[in-house]
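Working notes, structure below.
Derivation of every value follows stated rules applied to the coordinates shown; laboratory data play no part. No experiment lies behind these values; they were computed from the predicted model shown. All Cβ positions, even for glycine, are placed from backbone atoms using ideal geometry, and neighbour counts span all protein chains on display.
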Amino acid sequence: MKFFKKLSIRIQVMIIGMVIIAMIPLVIIKVYQQASTTIIIQNTLYNTELVSLLKQKLSANYTNTSNLLMNIGYDTTVQALLIESDKLEIYTLSKNVESLMGVIKNTNKDILDIAILGRLNTQTPFAGKMNNINTIMEQAKDGGSVHYIGFRTEDIKIPKDHFLFGMNIYASGDTALYGEKVGFIAIALDVKSINTELERYPRLADSTFIIMDNKDIVYTNNSKDDDLLNQFKQAGLHASSEEAYMATIEGKKYAVQSFDLPEISGSIVTAVPIQSLIKELDTLKRTSYFILVAALLLFSVPYAVLMMNILKPLTKLMRFMARLKSGNLEVLNSKVSLEGYAEIEVISHEFNTMLERINDLTERLIETTTRLYQVDLEKQRAEYAYLQSQINPHFLSNTLDSIKGIAIVKGNQEIYEMTTALSTMLRYTIKAKDEVLLGEELKIAGACVKIHQGRFPGKMVFEFDCPNDLLAILVPKMFIQPIIENALSHGLEPRGKSGLLLLRVERSDINRLVITIKDNGVGIDPQRLSDMIERLNSKNVSSTEHIGIQNVHNRLWLKYGDPYGVNIHSIQGQGTTVVIQLPIYDMQQ
């Protein structure tokens, strides 16, 4: 959602429109698919009910056939005939059996023929019209139950396709042959009776019903070629029990169902063309297309109005703002004209008013900034001059005090040396240049140490370390001497004896000039050290306390900015370390 909010209004409107346009055909397709699925399901249920009734009919026929074969096979006249050996008696009994068969065939039109084979495979005179009765008997299973023998196509004797059912006959009653197989009975049932049953129920045109046993197609209501029927048969074999299976046969889609027929060891396959099922949905499809076109037209009108009254003025405003953002101040003197909804015109008026105020404020800001810049420049110059002017009188006063002390205690040689050092420093101080070579600045620092050693001979040792390649770097004048003087006066002088002052100059890894001034004097009280560090960090140029360190730090900060300046570290009773950092920006060879 956050990403969507960041998009332009034009893109958001287009996305919403595309979603709406996409949803309409999706809904139409979904409704169409749902209707198609419903119709296919209803047809599947209908076929299931129809086949269920057909299966009941076949099951009833099978039961009736089984009962009929049982009744005939174990009829007393038939039993007597099958075990009789007297030819005259056989003739008489055969006439009675033939009359019985005639009655049965006349009362059941589905029965095409009945045949009985005597024991020892001797055919009786009333064998009927069936061919190869011996072969038929061999296909029957052992036992006295009725078995499905198979399907036979029409021939000369039986001019109709028919099912064959057969049963072995065993001797019963009070006879010496009791329990022995004495004959075989077979019955032929007309397959067309199934068609009669199907015609009782209405079904969809072009639907195909196929009944097949474990070997071949037994019956079909479809007169099309055998290849097509075989494809229906194969599709039926892939279908799960009673579930609709979608199959494409010769470029057409069919809903195929398969139902088991255990009575003939086969199945019933139904195949209904999908196109015939959903033919009635063509009107819905045409209506859906009309709705889609109408929705597109209805959407295009408000979109055009929206583009004209909102997006076009906003685009113009964004272009004007882009010109303003480019830094062209002349744009502030112009105005933007927007036409559209009332809110757009209000935005246009308020935006122009804002431009006028910004233009006025910008002019005043430029004037004020220029004036403040000039004032700040003068202030920095005054502060810099003030800081430099504070250093010399302070140092000169201390030096003169030293000369007085030496004059009282020592002879002329010491006075001469101290006067020479002081003269060097005074000449260095009155130079007009603001920047000097680092070598010159270090020389003045050494002179300062020499004066102090003259005041307190034998009380301190001075160590100095600086690479020669750094001596030609330009640095501000008089920034090391105040720190040296501070270390001598406030650190080493109160200590008395065994004083050590270290001055080390080096180049850091990030190409900065680092000057370290370290003493082993009395150090600084933690509270005073904290106050000093706080004043250094505050950049307070008006402070007069600790003028040496504070002034040097302020001079360097005003000249070079952060992070250059002075850092101080001290432990009371152990000494003080002052680190000065400057940029290395120029070298003289």
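Note down the relative contact order for segment 423-583 as a percent, whole number, built from C-alpha pairs under 8 angstrom at least six residues apart. Numbers along the way, then the final one.
On the way: 264 pairs, mean separation 34.8, N = 161.
Computed value for segment 423-583: 22 percent relative contact order.
Give me Met321, Met212 sorted ascending by neighbouring Cβ count inside 10 Å, so fewest comes first. Present the calculation step by step, with values, prior to reporting the outcome.
Working: Met321 13, Met212 24.
In increasing order of surrounding Cβ atoms, one gets Met321, Met212.
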- line: Going from the fewest other Cβ atoms within 10 Å to the most, one would list Ile268, Ile24, Ile29, Ile158 as Ile29, Ile24, Ile158, Ile268
- prompt: Near the amide H of Ile249, under 5 Å away, which other amide H atoms are found, from residues 5 or more places off or on another chain, if H is placed in the peptide plane?
  reply: Tyr254
- prompt: Can you run phi through the Karplus equation (6.51, -1.76, 1.60; θ = phi - 60°) for segment 253-261 and list ³J(HN,Hα) in whole Hz, with x for Gly and Pro?
  reply: 8, 10, 9, 10, 10, 10, 10, 6, 10
message: Starting from the 7 Å offset along Cα-to-Cβ, what nm value, one decimal, do you get for the label separation of Glu534 and Thr248?
response: 8.8
query: Ile169's amide H: which non-local residues (gap 5+, or another chain) put their own amide H closer than 5 Å, with H modeled 1.01 Å from N in plane and none for Pro or chain starts?
result: Val182, Gly183, Phe184, Ile185
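Give me the percent of DSSP beta bridges within segment 455-564 that run antiparallel, rounded to the nearest 5. Don't skip to the answer; put the middle values down first.
Values: 7 of 13 bridges.
Bridges in segment 455-564 that DSSP calls antiparallel: roughly 55 percent.
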- request: Using the number of other C-beta atoms within 10 angstrom as an exposure proxy, rank Thr315, Thr576, Thr283, Thr208 with the fewest first.
  value: Thr283, Thr315, Thr208, Thr576
field: Over 25 Å between alpha carbons, listed pairs Lys30/Lys279; Lys450/Lys497; Lys497/Lys518; Lys215/Lys279
entry: Lys215/Lys279
message: List the trypsin sites (Lys or Arg not before Pro) within segment 51-112 that DSSP assigns to loop and that have no more than 11 neighbouring Cβ atoms inside 10 Å.
response: Lys109
query: Which pairs, out of Lys433/Lys459; Lys105/Lys157; Lys57/Lys109, put more than 25 Å between their alpha-carbon atoms?
result: Lys433/Lys459
